[in-house]
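Quick notes on the structure that follows.
The values are calculated or read from the model by the stated rules, or taken from the named source; none is laboratory data. All figures in this text were calculated on a predicted structure; none of them were measured in a lab. For neighbour counting, all protein chains shown are included, and Cβ atoms are generated from backbone atoms with ideal geometry for every residue, glycine included. The area values use the complete protein model at the heavy-atom level, side chains included, leaving out ligands, DNA and RNA. Shrake-Rupley method; radii C 1.70, N 1.55, O 1.52, S 1.80 Å.
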Amino acid sequence: MAVMDLYDVTVIGAGPAGLSAALYAARARLKTLVLDKMGPGGTIANVDFLENYPGFAQGITGPELGVAMQQQAEKFGAEFAFREVQGVRRGEDDLLLLATAEGDISSRTVIVATGSEPRKLGVPGEGEFTGRGVSYCATCDGAFYRDKRVVVVGGGDSAITEALFLTRFASRVIVVHRRDQLRATKVLQDRAFANDKIDFEWNAVVKSVLGEDKVERVLLGDVRDGTEREVACDGVFVYIGNDPNTAFLRGSGVDLDDRGYIPTDERMRSNIPGLWAAGDVRAKSLRQVVTAVADGAVAAVDAEEYISQRWGH
Ligand code: NAP
């Protein structure tokens, strides 16, 4: 589609936060554009099943929810374009300019909903074997590990959710966690402990990923006494948290916290007038679809108020 010269609201990121912001902005009759370098859904596009999004008692897949949210925003007139935003700066007349490879996009307001991406282990072999046994997406790659042994690294909700998912395929799932207690919510812990395909390597970290052409084993280090041992496996799924996608904002004047998240007030306003943050990219405590969509709605409603005060929409 042709991107027009001036938008009221430009949303960067088509995950739940961005799609909800777009729905609220478009429904308020603001000229709304959503930019994403990939398709709709954001992080949930790789989620096999969501069972804690209210209203779906039987659960819903991530892609289904993402597509439904996009359709709902489109129904009210939101436009979508595949574009990667490289930077944001202030232009004339208080407008914000979004730099893309295809040229600048002008917008009265910007809602940053770029989410986060999986954190890397940063150990030898991880990069070399990515796509050849090392993965950050069980939904994408799990089926390759039918009757194989896989290691899942991490102890949070993601690691345990994906470890449980992988038991559908793998013969053995070994969860490697750096402490002796999981961080994951209790219901997930109970399921994991009850699943006889899942083993735990407690107080352990992956020191390197080893193999010839593909992953064959990992070297684990005991965090208490430093002893090392090798564990044979065919795949390594890494779920040790996420880092926010805010690198493109460096030099833009948008404040970031020490981990790169965007601090906001309760209306999702950043330190830059006209720029809001919503969803996982925001500094906050609970990162769930339900809080992402709430952030998006709050940001869009505040953006509408800002536009009407400034430009009399
Ligand atoms: P997380 O909650 O930050 O957990 C990361 C896990 O990785 C922790 O167990 C942490 O250990 C471990 N870890 C971190 N850095 C490590 C390193 N360098 N080496 C080894 N282990 C490391 O991340 P997440 O599980 O991806 O979840 C992110 C957010 O999404 C959370 O808010 C979560 O609740 C949410 N989420 C929710 C659901 C759901 O509701 N079903 C599903 C997925 C994700 P420690 O425990 O020792 O810190």
Practice task
Kindly indicate whether S252 is open to solvent by less than 60 Å² (accessible area, probe 1.4 Å) and assigned to a helix (DSSP H, G or I).
Solution key: no
Problem - In the stretch 196-251, the residues that are among the polar types (S, T, N, Q) and modelled with pLDDT of 95 or more - result: N203, S208, T227, N245, T246
Practice task
Give me the pairs, please: first residue somewhere in the stretch 168-192 and free of Cβ contacts under 8 Å to residues at least 24 places away in the same chain, second residue anywhere and open to solvent by 50 Å² or more (accessible area, probe 1.4 Å), beta-carbon distance under 8 Å, and either six or more positions apart or on two chains.
Solution key: D180/W202
Exercise for the section: Looking only at the stretch 47-69, decide whether some residue is within 27 Å of R267 (Cβ to Cβ), modelled with pLDDT of 95 or more, within 20 Å of the chain's Cα centre (by Cα) and open to solvent by less than 10 Å² (accessible area, probe 1.4 Å). Expected result: yes
Problem - E228, sole failed condition from (1) surrounded by 15 or more Cβ atoms within 10 Å (Cβ to Cβ); (2) in contact with a strand residue (DSSP E or B) (Cβ under 7 Å, 6 or more places away or on another chain); (3) more than 18 Å from E162 (Cβ to Cβ) - result: (1)
Exercise for the section: Identify all residues within the stretch 268-294 that are in a helix (DSSP H, G or I) and either in contact with a strand residue (DSSP E or B) (Cβ under 6 Å, 6 or more places away or on another chain) or open to solvent by 40 Å² or more (accessible area, probe 1.4 Å) (or both); write none if there are none. Expected result: D280, V281, V290, A294
Handout entry: In the stretch 177-189, the residues that are open to solvent by less than 70 Å² (accessible area, probe 1.4 Å) and within 8 Å of the ligand (Cβ to nearest atom)
Key = H177, L182, A184, T185, L188
Exercise for the section: Could you check, for the stretch 34-46, whether at least one of its residues is open to solvent by 50 Å² or more (accessible area, probe 1.4 Å) and within 16 Å of the ligand (Cβ to nearest atom)? Expected result: yes
Exercise for the section: Taking V150 as the residue in question, decide whether it is touching a helix residue (DSSP H, G or I) at 6+ places or on another chain (Cβ under 6 Å), outside the structural domain of A45 (by TED's automatic domain parsing) and either within 26 Å of R287 (Cβ to Cβ) or within 16 Å of the ligand (Cβ to nearest atom) (or both). Expected result: yes
Exercise for the section: Name the residue, out of V11, V85, that is open to solvent by 10 Å² or more (accessible area, probe 1.4 Å) and either under 17 Å from the mean Cα position of the chain (by Cα) or within 29 Å of D104 (Cβ to Cβ) (or both). Expected result: V85
Handout entry: Selection within the stretch 193-214 - touching a Phe, Trp or Tyr at 6+ places or on another chain (Cβ under 8 Å) and open to solvent by less than 10 Å² (accessible area, probe 1.4 Å)
Key = V209
Completion exercise
Selection from the stretch 108-159 of residues under 23 Å from A232 (Cα atoms) and among the polar types (S, T, N, Q) yields T130, S135, T139, S158
Exercise for the section: Among the residues of the stretch 153-174, write down those that are near the ligand (Cβ under 10 Å from one of its atoms) and not in a helix (DSSP H, G or I). Expected result: V153, G154, G155, G156
Exercise for the section: Select, from D265, D222, D302, the only residue that is out of contact with any Gly (no Cβ under 7 Å at 6 or more places or on another chain), of a type in the set (D, E, K, R), without any contact (Cβ under 8 Å) to a residue 24 or more places away in the chain and open to solvent by less than 40 Å² (accessible area, probe 1.4 Å). Expected result: D222
Problem - Verdict on Y24 being within 16 Å of the ligand (Cβ to nearest atom), aromatic (F, W, Y) and buried (at least 16 other Cβ atoms within 10 Å of the Cβ) - result: no
